[in-house]
1. Which of B:Ser209, B:Ser258, A:Ser45 comes first, and how do the rest follow, when ranked by fewest Cβ neighbours within 10 Å?
2. Through the Karplus equation 6.51 cos²θ - 1.76 cosθ + 1.60, θ set to phi - 60°, convert the phi angles of the range B:424-437 into ³J(HN,Hα) values in whole Hz; use x for Gly and Pro.
3. Can you give the calculated 222 nm mean residue ellipticity of chain A, where each DSSP H run of n ≥ 4 adds -39,500 (n - 2.57) and the sum is split over every residue, rounded to the nearest 500 deg cm²/dmol?
4. Stick to the Cα atoms of chain B, pair each with every other, and give me the Kirkwood hydrodynamic radius in Å at one decimal.
5. How would B:Met170, B:Met153, A:Met16 line up from fewest to most surrounding beta-carbon atoms within 10 angstrom?
6. Can you list which of the GluC sites (Glu not before Pro) found in the range B:45-122 are DSSP loop residues with at most 15 other C-beta atoms within 10 Å?
7. For A:Lys60 paired with B:Asp276, estimate the spin-label separation in nm (one decimal), with each label point 7 Å from Cα along the Cα-to-Cβ line.
8. Seen from all sides and averaged, what is the projected area of the convex hull of the Cα atoms in the range B:115-244, in nm²?
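Rule-based calculations on the coordinates, nothing more; no lab input. Just so it is clear, the structure is predicted and the values come from calculations on it, not from any experiment. Cβ atoms come from the backbone with ideal geometry, glycine included; neighbour counts cover every protein chain shown.
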Amino acid sequence: MNFINLFHNYEEAISMILFVIGFSNLLLQKNLIKKIIGLNIMDSSVYLFLALKGYIEGLKAPIVVDGVRSVEAYINPIPAGLVLTGIVVSVSVTAVMLSLTIRLYARYHSLNLDEISAMINKEGK
Amino acid sequence: MAFVQNFPFMSIIISLVSGPISSVLPGKIAKRVNICVITLLGILQSFVLAFVLKTGEPYVYRMGHFSAPWGNEIRVGVLEAAMALFFCIIMFLSMIAGEKERIRDVEDHRQNLYYVMVNLLLCSLIALVYTNDLFTAYVFVEINTISACGLIMSRQVGRTFEAATRYMVMSLLGSGMLLLGICYLYSITGHLLMSNIQEAVTALATSGSYHYPLLVAICLMSIGLAIKSALYPFHTWLPDAYGYSTVSSAAILSSLVSKGYIFLLVKIFYRVIGFDVMKDVRVLNVLFVFGVAGMIMGSIDAIMSDDVRRMIAFSSVAQIGYIYMGFGLGTTAGMVASIYHVVCHASTKSLLFVAASGLTDVSDGKRDFKSLSGSGYRNKLAGVTFAVGSLSMIGFPMFAGFISKLLFAEAAVQSPNKMLITLIALAVSTILNAVYFFRTVIRIYTPAVKAGVKESGFAKVKISDNPKKSIAMVIFIIINLLLGLSSEIVIDLIEKGLAMFA
């Protein structure tokens, strides 16, 4: 294992660092909004990784112009399709999380999940 | 191509379409549509199962007219069809058993939305079972998560909101890891269809190239799905979610949602990575350790809780520990035992939740053990059902739980390194199970006068008061006895199905 590869593929390394940042934010932050931000960083980092995997340096977007049909002329379009699907998924889970946050805030006037838990335990229902 | 071969695809589409349609229907009609859809899907799955058993080999169904490696595929074998049929049956029973409670717990103008969630959940479960494409599996995993979240918060109290939030956070962590694992696997193999990935992975494993990325991908996917199915240290959301949601939700969540993820994990082990490669990866040992820890700690938590619904929920944590322990053994016998336990736990846990709701209803809605005294006399059928479920969970002969414990013990003997730990964990966990289940059964058959509880305010329920629930409970008992008494058929089916996976 040599670490030169790490610098050579610095984009992938960055996307993994972003994934870890997002992951730990989603796991460890107490504030619900910060959790949701963490979720979005985490998902975006995966999309960055996918986009990098599909990109081939010097080639064009896979849209046929001037009748060039050879495979060697274009980048891989599948990761782009996966990214689009992934974005739809992450938008919908973000919406669910935000609506849950609104409900909890309206009821307990707090965004801190631990405080909310304490209040619920005090309610005892 | 036989017409029956279209049925898996039709099932997915029917339940997917019926979801949005239910959102504009009034509650009562939505309920009927939902029951019809589940029944229809059950019938379709049984045709598919009969077809696959007759031909004796799995078939691949192309989605759209592109063949592999470009198009999307559905793959149907014995185990897939049997699992989908089983999911439909449990879903049907849970829905009819919890009908009265659902009408009480869910607000009137939101009744129909509950059925939207149930239809989408069923759609995602069946798609997870049948799909042959990893990215499709990921998308349906997320649909599963969102609809399960809707089911948790259908009864709108503070606890369910908090539980739903915690559930979403844990689930999203898991699906983030799953997604990253799939992307790794895609980037080193270049495929998304399970069969193509398996070929590429076998080639990679023999040549030894991309060793670490492959390892990381396998770990990410296994651990991600383990987090999503509430393996022991990641179970914090579970007691509140199962304990305070309406009873159909609790039954569906405990018996189906986590099992969908577990079945996907089995598919990943066999169809994506290949079991020969999987055996050499040490992530199975990690799952084994967490599984054993879950078996013990879940049971201890269950003993400590003073609320019957929460107790059953903690018992789920222990049972999911059993399943992962079986995976961790790393043998085919262990996998068979785990899949049998998936079936056994799914049928028993939904039975227990339904019976427990029957018992709390005749105790003025109170769930602590003191108030439950004598409830077995006030609602006789629920008492008997709860006793059957308890005996099955403890592993009493004749019931389903006994067979699964037997299979786990047999599987443990075959893997010498882990034999001692497995057998000790099984013994300890069985004793702990017996402690809390027998305590509850004795409590519900202790006359209330003796326990010093005033019975005057409590209602008595006859079997004919809630006929649908009574019928569901009787069917649950029959399923449990069938699984326990004629287990050879089920085990034979599982072994055949696993052989078809390869």
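1. Details: B:Ser209 11, B:Ser258 26, A:Ser45 22.
Ranking B:Ser209, B:Ser258, A:Ser45 by Cβ neighbours within 10 Å, fewest first, gives B:Ser209, A:Ser45, B:Ser258.
2. Result, rounded to whole Hz: 5, 4, 4, 5, 4, 5, 5, 5, 4, 4, 4, 4, 7, 6.
3. Details: 5 runs with 89 residues, N = 125.
Theoretical 222 nm ellipticity from helices: -24000 deg cm²/dmol.
4. Values: mean 1/r = 0.0439 Å⁻¹.
Final number for the Kirkwood radius of chain B is 22.8 Å.
5. Working: B:Met170 21, B:Met153 25, A:Met16 16.
Least crowded to most crowded, the residues run A:Met16, B:Met170, B:Met153.
6. Details: sites: B:Glu73, B:Glu80, B:Glu99, B:Glu101, B:Glu107; in loops: B:Glu107.
Taking the range B:45-122 and a limit of 15 other Cβ atoms within 10 Å, the loop GluC sites (Glu not before Pro) found are B:Glu107.
7. Computed distance between label sites A:Lys60 and B:Asp276 equals 4.6 nm.
8. Details: hull surface 32.5 nm².
The Cα convex hull of the range B:115-244, projected and averaged over all directions, gives 8.1 nm².
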